[in-house]
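First up is the structure itself, then whatever we jot down about it.
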């Protein structure tokens with residue numbers, strides 16, 4: 001009867017796991033995901049609750065509450081493997097949790113940026129206080145019977161972590177091990193010890209699982225800036241959908257505008273797709289001088305707006321269209337926007353189906369102001385709507401942090417107000433990010449005043465970013481220089497790509513991290 005009750009408890013717990021989609025968490029941020037503590041120990045002994053044992057002691061019931069008979073448990077523990085900490089690539093049943101992958105891929109052909117979740121049930125051979133130990137490279141978390149026994153959720157070389165929990169003999173309890181591999185070597189080994197019994201690998205006889213478990217989400221590791229550690233200024237980022245593989249695409253200033261892809265904004269990979277495979281539009285006379293590309297959805301496809309140089313050697317704005325991010329990209333027949341002072345930094349804002357091109361007049365090139373303008377687009381984005389005219393949204397204020405220039409606009413509608421993120425000052429260590437707000441897209445705008453993103457001891461000149469909505473969060477993807485140590489910029493690595501959360505205050509204004517780029521481990525953006 002006791003064993004039958006234990007199987008019923010196992011089934012009940014499994015149903016709970018399935019209903020929660022794994023463990024009921026999708027953010028992967030519980031515990032030490034911030035990395036601030038840097039601890040690899042679970043601390044004082046933790047005793048698991050005994051409610052499972054108590055629930056089964058009555059022996060009542062021999063099926064789940066739905067009336068479905070519990071499936072027969074099988075030996076082993078269910079392992080789910082995820083590429084890029086997002087995409088499921090394999091589900092299998094393994095005899096134990098012991099792997100020494102080294103530099104080889106944990107599964108398939110991807111050696112780095114892999115997450116694994118093991119789920120099943122652990123049965124102790126005797127009632128005792130057990131010490132659970134994990135030797136892992138990189139991060140690991142262990143939950144037994146709902147208790148977080150080990151919480152070492154940060155990247156590192158092989159490190160031992162341990163915690164304690166009381167287990168009851170022959171009573172299966174739920175166990176879940178979350179693991180991530182960031183880069184270089186990878187390994188994990190799960191063991192235990194108890195009173196008067198030395199440490200040993202937790203044997204296959206201790207694990208059971210069910211033939212099938214509902215799929216869970218990938219464990220998400222913390223990340224640390226930069227997410228692109230080389231020169232990639234003015235990152236234009238878009239979330240992909242429809243005919244594209246889910247994830248994100250990014251293009252940066254320079255050359256042919258290579259497309260980079262990511263499943264989750266943190267790990268980026270080059271593709272062989274270029275917006276301008278010839279290095280320039282046919283009508284441009286620029287010698288490869290291309291700036292500030294942005295990607296936006298347009299109908300069922302995508303549009304890219306970018307800055308290049310026209311036949312008069314002035315900055316102008318062009319466009320290109322494609323059905324999917326992989327192209328081919330068709331470039332506009334000529335410039336969409338021209339001005340005798342030059343134009344740069346085009347973005348798109350959609351106000352209830354009416355789309356606007358928002359851009360900057362490059363007045364700083366001739367010692368003039370730098371207004372940011374908005375003008376209604378045609379529905380296909382190929383030009384301006386008939387009868388439309390440009391409206392000035394902002395202009396720089398000399399004598400403030402903005403200096404002689406504001407640029408890099410990006411518009412966000414939040415809680416019924418429009419917020420215009422922009423950058424100001426010279427694009428070296430003096431660069432900053434500011435914001436203004438308005439009741440309508442075309443204004444009038446009220447500036448925040450002080451910048452919302454400035455320098456710190458690690459990063460300088462943060463700005464020219466894209467705002468990406470991820471889950472319930474708004475994420476700012478932007479560039480910054482490495483601090484040379486004296487507050488100026490170190491140009492060796494150029495302007496690298498950083499990712500930080502936007503936090504909306506009670507006063508309605510947005511803030512980014514602590515007012516400067518993050519430099520410690522951060523919870524995964526999702």
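Within the set 170, 145, the sole residue that is touching a helix residue (DSSP H, G or I) at 6+ places or on another chain (Cβ under 8 Å) and surrounded by fewer than 23 Cβ atoms within 10 Å (Cβ to Cβ) turns out to be 170. Screening residue 349 against (1) without any contact (Cβ under 8 Å) to a residue 60 or more places away in the chain; (2) surrounded by 16 or more Cβ atoms within 10 Å (Cβ to Cβ) leaves a single unmet condition, (1).
Just to be sure, is residue 435 touching a helix residue (DSSP H, G or I) at 6+ places or on another chain (Cβ under 6 Å), in the same structural domain as residue 508 (by TED's automatic domain parsing) and crowded, with 17+ Cβ neighbours inside 10 Å? Criteria not met by residue 435.
Checked against the criteria, residue 372 does not count as within 20 Å of residue 421 (Cβ to Cβ) and either exposed (fewer than 15 other Cβ atoms within 10 Å of the Cβ) or over 32 Å from the mean Cα position of the chain (by Cα) (or both). Residues of region 239-251 that are in contact with a strand residue (DSSP E or B) (Cβ under 7 Å, 6 or more places away or on another chain) and either surrounded by fewer than 17 Cβ atoms within 10 Å (Cβ to Cβ) or closer than 30 Å to residue 138 by Cβ (or both): 239, 240, 246, 247, 248, 249, 250. The number of residues in region 105-119 that are in contact (Cβ under 8 Å) with a residue 40 or more places away in the chain and not in a strand (DSSP E or B) comes to 4. Evaluate region 87-96: report whether one residue or more is modelled with pLDDT of 95 or more and crowded, with 20+ Cβ neighbours inside 10 Å. No, that holds for no residue.
Based on this model, can you work out whether residue 158 counts as closer than 23 Å to residue 78 by Cα and either at pLDDT 95 or above or touching a helix residue (DSSP H, G or I) at 6+ places or on another chain (Cβ under 8 Å) (or both)? Against the criterion (closer than 23 Å to residue 78 by Cα and either at pLDDT 95 or above or touching a helix residue (DSSP H, G or I) at 6+ places or on another chain (Cβ under 8 Å) (or both)), residue 158 does not qualify. The numbered conditions (1) farther than 27 Å from residue 262 by Cβ; (2) not in a strand (DSSP E or B) are all true for residue 418 except (2).
Listed conditions (1) more than 25 Å from residue 492 (Cβ to Cβ); (2) outside any loop (DSSP other than H, G, I, E, B) are all met by residue 215, apart from (2). Whether a residue is under 18 Å from residue 354 (Cβ atoms), in contact with a strand residue (DSSP E or B) (Cβ under 9 Å, 6 or more places away or on another chain) and in a strand (DSSP E or B) was assessed, and residue 435 does not pass this test. Across region 269-281, the qualifying residues are those that are surrounded by fewer than 21 Cβ atoms within 10 Å (Cβ to Cβ) and touching a strand residue (DSSP E or B) at 6+ places or on another chain (Cβ under 7 Å), and the one among them that is farthest from residue 332 (Cα to Cα) is 269. Specify the residue that is nearest to residue 123 (Cα to Cα); the eligible residues are those in region 200-209 that are surrounded by 12 or more Cβ atoms within 10 Å (Cβ to Cβ) and touching a strand residue (DSSP E or B) at 6+ places or on another chain (Cβ under 7 Å). So, considering only residues that are surrounded by 12 or more Cβ atoms within 10 Å (Cβ to Cβ) and touching a strand residue (DSSP E or B) at 6+ places or on another chain (Cβ under 7 Å), the one nearest to residue 123 (Cα to Cα) is 206. Scanning region 370-380 for residues that are closer than 18 Å to residue 409 by Cβ and either part of a loop (DSSP other than H, G, I, E, B) or free of Cβ contacts under 8 Å to residues at least 24 places away in the same chain (or both) yields 370, 371, 373, 375, 376.
The values are calculated or read from the model by the stated rules, or taken from the named source; none is laboratory data. These figures come from a predicted structure and were not determined experimentally. Because the Cβ atoms are built from the backbone with ideal geometry, glycine has one as well, and the counts that use them run over all protein chains shown.
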